[in-house]
Number of protein chains: 2
Amino acid sequence: MTVEHLDGHNLPWVSELPESSRRMLEAAVDAFADHGFHATTTRDIATRAGLSPAALYVHFPSKGALLAQISRLGHEAALRLVEETLASSTDPIDGLREVIRDFAAWHAQYHRVARVVQYELAALPDGDRQEIFAVRQKIERLVEAQLRSGVAAGVMAVDDERAVARAILSLCVDVARWFDPKGAQTPLEIGTLYAELAVRMVRRP
Amino acid sequence: MTVEHLDGHNLPWVSELPESSRRMLEAAVDAFADHGFHATTTRDIATRAGLSPAALYVHFPSKGALLAQISRLGHEAALRLVEETLASSTDPIDGLREVIRDFAAWHAQYHRVARVVQYELAALPDGDRQEIFAVRQKIERLVEAQLRSGVAAGVMAVDDERAVARAILSLCVDVARWFDPKGAQTPLEIGTLYAELAVRMVRRP
């Protein structure tokens, strides 16, 4: 999975959506990112998408439904990225390096949607929250398993694989908070640095 | 600086404030944390503080002024913590370990106020934002200088001290996002783990 050629859209990795739904979700990401979920109305989103509130309502009965769909798509994309990268790697250290490079770069590239997804978890409708937390747990467990396989292979030294997996993912997620597209570092440069820091955190001395 | 015995208040480290101002700031943190800055009104805050909007207005002319004061107090407390810890250390590795332990534990203990401060930076009034960014930069420069002194002493190996200092602080800040007071780890346990991870990130092999 690459993270290039994708500027100017919040959800460019989503290919299977009809154009109308995509437009509504893009508008919702922009509105939530600018004003926060609670201060946004479905009317704001409809206006940004160039639709009537009634037309929006046909697809998404509430702004909570929009948030849930944005969050679901974001989490599923992140899970796919982690699964595919780890599945294609054979060496525990190389696999960790690659997945962290891509995961950190992803949170830089898609910082607007990542902020919405991460900061508005409490605003998710209850059923959606459970489903999305299950995806988050899957991602954490995959990285935890990668650390366990590195420890088993004798190339990593980690006391608490679960806590360290969470810390490494947390480091990557927080890139979305401070990343500035006009800043000195590109998403790939940040990803490359973070991959090296993650390897240092776990490598057997 | 310790982070114990402080549950139940958002700003317990602020000792110099009159009780009335403290009550307004505590109410503002709760309101912003629950609903976000944009969806909160000064009336909401006054009601939570048990005051009339007019009484609130005497001290804080806008909700932006409340946010700025919360952010200023939070950033100044974090800066003091970093300054005091580094000033009292002589060994570069030990100093880094101690400051990261305290900084990460602080973001767990005060996760509610930290979330407000970190997620609403864009909502700060312009003049306040500049002042607060200067404090953030001071904190980053202190940690960066600590890494440089470790490299100069031959005990750390770091290519880009500025980027790594920012990454280590970012790791600690993100604790506020996911920390759960009912979770398995205490603030001090998280701080101790994170201090060790930070040392691993920079120590010369």
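Determine, yes or no, whether B:ALA78 is touching a residue at least 12 places away in the same chain (Cβ under 8 Å), among the aliphatic types (A, V, I, L, M) and either more than 30 Å from B:VAL155 (Cα to Cα) or surrounded by 16 or more Cβ atoms within 10 Å (Cβ to Cβ) (or both). Spell out how you get there, then give the answer.
Numbers: touching a residue at least 12 places away in the same chain (Cβ under 8 Å): yes; among the aliphatic types (A, V, I, L, M): yes; either more than 30 Å from B:VAL155 (Cα to Cα) or surrounded by 16 or more Cβ atoms within 10 Å (Cβ to Cβ) (or both): yes.
Here the answer is yes, as B:ALA78 does meet what is asked.
A:ALA134 - would you say it is at pLDDT 95 or above and over 27 Å from B:ARG166 (Cβ atoms)? Can you show your working first?
Values: at pLDDT 95 or above: yes; over 27 Å from B:ARG166 (Cβ atoms): yes.
The answer is yes for A:ALA134.
I'd like to know if the range A:58-70 contains one or more residues that are in contact (Cβ under 8 Å) with a residue 40 or more places away in the chain, surrounded by 22 or more Cβ atoms within 10 Å (Cβ to Cβ) and among the small types (Gly, Ala, Ser).
No, because not a single residue in the range A:58-70 is in contact (Cβ under 8 Å) with a residue 40 or more places away in the chain, surrounded by 22 or more Cβ atoms within 10 Å (Cβ to Cβ) and among the small types (Gly, Ala, Ser).
If the requirement is being touching a residue at least 60 places away in the same chain (Cβ under 8 Å), in contact with a Leu (Cβ under 8 Å, 6 or more places away or on another chain) and of a type outside the set (Lys, Arg), which of these qualifies: B:ALA198, B:ALA176, B:ALA167? I'd like the intermediate steps shown before the answer.
Values: B:ALA176 fails: in contact with a Leu (Cβ under 8 Å, 6 or more places away or on another chain); B:ALA167 fails: touching a residue at least 60 places away in the same chain (Cβ under 8 Å).
B:ALA198 is the lone residue from the list that is touching a residue at least 60 places away in the same chain (Cβ under 8 Å), in contact with a Leu (Cβ under 8 Å, 6 or more places away or on another chain) and of a type outside the set (Lys, Arg).
When the residues of the range B:140-199 are filtered to those that are open to solvent by less than 50 Å² (accessible area, probe 1.4 Å), part of a loop (DSSP other than H, G, I, E, B) and within 13 Å of another protein chain (Cβ to nearest Cβ), which remaining residue is farthest from B:ARG115 (Cα to Cα)?
B:ALA157
Here is a check on your reading of the model: is B:ALA123 of a type outside the set (Val, Ile, Thr), closer than 22 Å to B:LEU86 by Cβ and under 19 Å from the mean Cα position of the chain (by Cα)?
Working: of a type outside the set (Val, Ile, Thr): yes; closer than 22 Å to B:LEU86 by Cβ: no; under 19 Å from the mean Cα position of the chain (by Cα): yes.
Taking the combined requirement at face value, the residue does not satisfy it.
What's the total number of residues in the range A:86-100 that are under 21 Å from the mean Cα position of the chain (by Cα), open to solvent by 10 Å² or more (accessible area, probe 1.4 Å) and in contact (Cβ under 8 Å) with a residue 24 or more places away in the chain?
Residues meeting the conditions: 3.
The values are calculated or read from the model by the stated rules, or taken from the named source; none is laboratory data. On a predicted model such as this, the values are computed, not experimentally measured, just so you know. Note: ideal-geometry Cβ built from the backbone for every residue, glycine included; neighbour counts use all protein chains shown. Remember, those area values only see protein heavy atoms, side chains included, never the ligands or the DNA or RNA. Shrake-Rupley method; radii C 1.70, N 1.55, O 1.52, S 1.80 Å.
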